[in-house]
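Peer 1: My structure is below; once you've seen it, I'll send some questions.
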Amino acid sequence: MPKNIELSKNDLITRAVSMAPQTFDETANSVRAIATTEKPTRVFDYDRYDFVDEILRMDGCILPESGQVPLLNSHSRHGVEDVLGSAADFEVVEVGGAKALQAEVTYSETPEGASAAQKTKEGHLTDYSVGYRVKPNGSYWIPEGQKQIIGGVEYDGPVKVVTSWELRELSATPIGADEYAKARSQKFKIEETKKMPKSDEKKQTRKDETQVENETRSAAKETQKVSDAEISRAKEEGARAERKRVQAIQQRCQVACIDLESADGFIERGLSLEQVSEEIFRKMEKGNKALGSNRTEIVADAGDKFRDAAIDGICMRSQIPIEKPALGHEDFRGRSLLRIAEESVIIAGGSVRGLNKLELAATALGMRGVIGSSTSDFPLIMSNVANKKLMQSWQEAPVTWDSFCNVVDATDFKPMQSIDVSALPQLSLLNENGEYKEVKLSETGESYAIRTFGNMFYLSRTMIINDDMRVFLKIPNMFGAAGKRTINNHVFNLLNSNPTLSSGKTLFHDTHKNICSTGGKPSVETLSEGRKLMRKFKDPGGKANLNLVSRFLVAGSNHETDIDIVLLSAALPEDGKSSGVINPFKGKLTPIIDSTQDNYDEDAWFLFPDKTAADTIEVAFLDGVQAPYLEDKVDFDTDGIKFKCRLDFGVGAMSSKIVKNPGK
């Protein structure tokens, strides 16, 4: 027999105004709390892809072997800092006319746990919410207009009754979905105790529970007395429910490509929708080859599925390509941001009762949380969408630096050192005694450092209410392209600023023999001189010819037409030359045309060797992250989400093995 806790409407109102729980034990830093009840609660059901009333039967609760679960901050499970304490000593009580699960909630002495404990003690934090997983075949769906007896209790549809569920965690929440899931006050009166069995104990009681259910069902049938009107009404409801059952069975068979003959068989056998689903699954299982039978599968919960479907649906609506959209994404393509925000709060176990649009947006953003964390996945959904838009524009931005620059990883912000060791011209002949001569190699080194670049943008409550996705996504779209252009600008700025190297000489200097004496547009004559200089580059010791081959021709738009002519013509594109004279540069160079060069010097152009043959200009990314990084945070000053976009990179000249033609 469960405990009886007397509760009146006035008691609920008193607790709602933050009456300090009298069961708070300051010595143990704990409080007795109602985790959940058998009261119907509105949840999102992925089997029906809609919101339904769900009842968690207390006798179906399966506790961990330890009898203890973590106490989380608003169902957040991203890190250990989200754990506020633990919940244990579970027992069944009765509250508000329904069975309930009561526990001893103990707060940790960490700053997060102490803060939540203080708010609980003061009566500001009163609500709790359970995180659970329904076991396979652990629930019953009762359609509208139908009734079903489960565990000796008659339920009226539409409702989902869960008879087997694993308790995974308990969360302290600003606003809980279950109106009775509270920290207990002095108004509660305890008469007797019924401890919750752990998972191993529950197996031993299944047989007795089944017997009790059968006896209860028999007793209910014997004592049922109905009038003729009630019988007539029941027949009408039964006929209506049967029509719905037939239609649902036919629809499920059609979706699963099951023949109509099998569907008729399911109907004639009087199978329920749950039984039909099992039959369909068995048919599909027999017809499909099993893949990886020993593979462990991680199953996403309802919150994960909702979040993935919402992200992909918003992306598809915003013209962001998704290769394999999540199941159910179509339902979110036309759904407003405010509606998605509302569903996010409900799925997370929060309540939206009595909230206006501004309050709803604030709740979804986590601005009304007493612990400081969001009560929904809405910020995460919008952050993912913004990041996908950012990466789309980053990938599509037209830049050229990555064609002729080397890319390396940096582990920190310390100066990057690059050592260029002199080559060995040839091996020395051993003398009569077989002695090896020691060779001293010279070396040079260049350095540069990683720096951080970035800006911020916002998603405000006004944007959510106005459903203004166009304005919101326009900002990360600009940020992505700007990030890639930033690197491009730094590369061309370095190339044209002629920086001083470690030798004390500038990048382009007569000593380096990397400046063409004949200035002019790209032609057979100027290219011939340039590739000759490239061939004659020596190692840092000045002993060995590197015999480098020109690979890239980098220039501004001013030379684009001249470059196409000289590189694509089959014959020499010069006056007085026969068409039978081949063009020695046809297909030998890769043209890199970038108008960024026009901003510095529209006449100058450059020849680069292959990136694997010599180090010229180097671009380094912190930890190898070659893309902008997006962070988000709920911002109370702007009533929205603050997004911070940053890019950590550095650009440096590693050697003077680049040929420059001034172009005039």
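The values are calculated or read from the model by the stated rules, or taken from the named source; none is laboratory data. Not measured: the values here are computed from a predicted model. Cβ coordinates were reconstructed from backbone atoms using ideal geometry, including for glycine residues, and neighbour counts include every protein chain displayed. Note: accessible area is taken over every heavy atom of the protein model, side chains too, but ligands, DNA and RNA are not part of it. Shrake-Rupley method; radii C 1.70, N 1.55, O 1.52, S 1.80 Å.
Peer 1: Rounded if a/c is under 1.5, else prolate if a/b is larger than b/c, else oblate: which is the stretch 434-583, with a ≥ b ≥ c the root eigenvalues of its Cα gyration tensor?
Peer 2: Working: a/c = 3.23, a/b = 1.46, b/c = 2.22.
Because a/c hits 1.5 or more and a/b fails to exceed b/c, the stretch 434-583 counts as oblate.
Peer 1: Could you give each residue of the stretch 121-137 its phi-based ³J(HN,Hα) in whole Hz, using Karplus coefficients 6.51, -1.76, 1.60 with θ = phi - 60°, and x for Gly or Pro?
Peer 2: These are the phi-based 3J(HN,Hα) values: 4, 7, x, 7, 10, 10, 9, 9, 8, 9, x, 8, 10, 6, 6, x, 6 Hz.
Peer 1: Let me ask something else about it. Of the peptides 350-358, 306-314, how do they stack up when ordered by the mean number of other Cβ atoms within 10 Å, highest first? Don't skip to the end; give the middle numbers.
Peer 2: On the way: 350-358: 14.9, 306-314: 23.6.
The densest-packed peptide leads the list: 306-314, 350-358.
Peer 1: Enumerate the amide H contacts of His509 below 5 Å, restricted to partners 5 or more residues apart or on another chain; note that Pro and chain-start residues carry no placed amide H.
Peer 2: Asn514
Peer 1: How would you order 591-604, 498-511 from highest to lowest mean count of nearby Cβ atoms within 10 Å? Could you put the intermediate results ahead of the total?
Peer 2: Details: 591-604: 17.3, 498-511: 13.9.
Sorting 591-604, 498-511 by mean packing, highest first, produces 591-604, 498-511.
Peer 1: Just the number, please: carbon plus sulfur as a percent of the accessible area of the stretch 456-557, 1.4 Å probe, no ligands or DNA/RNA counted. Write out the running numbers ahead of the final one.
Peer 2: On the way: 2370 of 4830 Å².
Of the solvent-accessible surface of the stretch 456-557, carbon and sulfur hold 49 percent.
Peer 1: For the stretch 56-168, compute the orientation-averaged projected area of the C-alpha convex hull (one quarter of its surface), in nm². Display every interim value, and only then the final one.
Peer 2: On the way: hull surface 35.1 nm².
Value for the stretch 56-168: 8.8 nm².
Peer 1: What are the residues whose amide H is under 5 Å from the amide H of Phe552, where those residues sit 5 or more places off or on another chain and H is modelled from the backbone?
Peer 2: So Phe552 has HN proximity to Thr590, Phe608.
Peer 1: With the cut-off at 30 Å, tell me which of the pairs Lys414/Lys513; Lys505/Lys586; Lys543/Lys611; Lys437/Lys513; Lys39/Lys119 have Cα atoms farther apart than that. Please list the in-between numbers first.
Peer 2: Values: Lys414/Lys513 32 Å; Lys505/Lys586 35 Å; Lys543/Lys611 22 Å; Lys437/Lys513 32 Å; Lys39/Lys119 26 Å.
Lys414/Lys513; Lys505/Lys586; Lys437/Lys513, as the Cα separations exceed 30 Å there.
Peer 1: Taking only protein heavy atoms and a 1.4 Å probe, what accessible area per residue, in Å², does the stretch 491-640 have with all protein chains in place? Intermediate results must be reported in sequence, preceding the final value.
Peer 2: Numbers: 7560 Å² over 150 residues.
That works out to 50 Å² for each residue.
Peer 1: All other residues with a Cβ under 11 Å from the Cβ of Asn384 taken together, and with Lys, Arg as +1 and Asp, Glu as -1, what is their net charge? Please list the in-between numbers first.
Peer 2: On the way: positive: Arg307, Lys388, Lys389; negative: Asp308, Asp312, Asp377, Asp632.
For residues surrounding Asn384, the net value is -1.
Peer 1: Quick one: if the Förster radius is 60 Å, what FRET efficiency do Tyr436 and Glu574 give, using the C-beta to C-beta distance and rounding to 0.05? Walk me through the numbers on the way to the answer.
Peer 2: Details: r = 54 Å, r/R0 = 0.90.
According to the calculation, E is roughly 0.65.
Peer 1: I've got another one for you. Order these peptides, 161-171, 529-539, by their mean beta-carbon neighbour count within 10 angstrom, highest first.
Peer 2: Values: 161-171: 20.7, 529-539: 18.3.
Top to bottom by mean Cβ count within 10 Å: 161-171, 529-539.
Peer 1: Long-range amide H contacts for Thr173: which residues qualify at under 5 Å (H placed 1.01 Å from N, peptide plane, sequence gap of 5 or more or a different chain)?
Peer 2: Excluding prolines and chain starts, which carry no amide H, the hits are Asp127, Tyr128, Ser129.
Peer 1: Okay, next question. How big is D for the stretch 520-585, in µm² s⁻¹ as a whole number, if Stokes-Einstein is applied with the Kirkwood radius of its Cα pairs at 20 °C and 1.002 mPa s?
Peer 2: Values: Rh = 13.5 Å.
My calculation gives 159 µm²/s for D.
Peer 1: Quote to one decimal, in nm, the extra length available between Leu271 and Ser403 on full extension: 0.36 nm per residue of separation minus the C-alpha distance between them. The partial results should precede the final answer.
Peer 2: Working: separation 132, 0.36 × 132 = 47.52 nm, distance 6.48 nm.
Length difference between fully extended and current span is 41.0 nm.
Peer 1: Let me ask you something else. Rounding to the nearest 20 debye, state how big the charge dipole of the stretch 503-557 is about its Cα centre with +1 on each Lys and Arg Cβ and -1 on each Asp and Glu Cβ.
Peer 2: Values: 10 positive and 4 negative charges, 35 e Å.
Roughly 180 debye, rounded to the nearest 20.
Peer 1: Within the set Lys588/Lys657; Lys484/Lys588; Lys324/Lys633; Lys538/Lys660, which residue pairs have Cα atoms separated by over 26 Å? Walk me through the numbers on the way to the answer.
Peer 2: Details: Lys588/Lys657 18 Å; Lys484/Lys588 28 Å; Lys324/Lys633 28 Å; Lys538/Lys660 17 Å.
Violating the 26 Å limit, Cα to Cα: Lys484/Lys588; Lys324/Lys633.
Peer 1: Please give the net charge around Ala604, taking every other residue with its beta carbon less than 9 angstrom from that of Ala604, where Lys and Arg add +1 and Asp and Glu add -1. Provide the component values of the computation, followed by the final result.
Peer 2: Values: positive: Lys660, Lys664; negative: Asp601, Glu602, Asp603.
Cβ neighbours under 9 Å give a net charge of -1.
Peer 1: What ³J(HN,Hα) values, in whole Hz, does the Karplus curve 6.51 cos²θ - 1.76 cosθ + 1.60 give for the stretch 383-394 when θ = phi - 60°, with x put for Gly and Pro?
Peer 2: For the stretch 383-394, the Karplus-derived couplings read 5, 5, 5, 4, 5, 5, 5, 4, 5, 4, 5, 4 Hz, x marking Gly and Pro.
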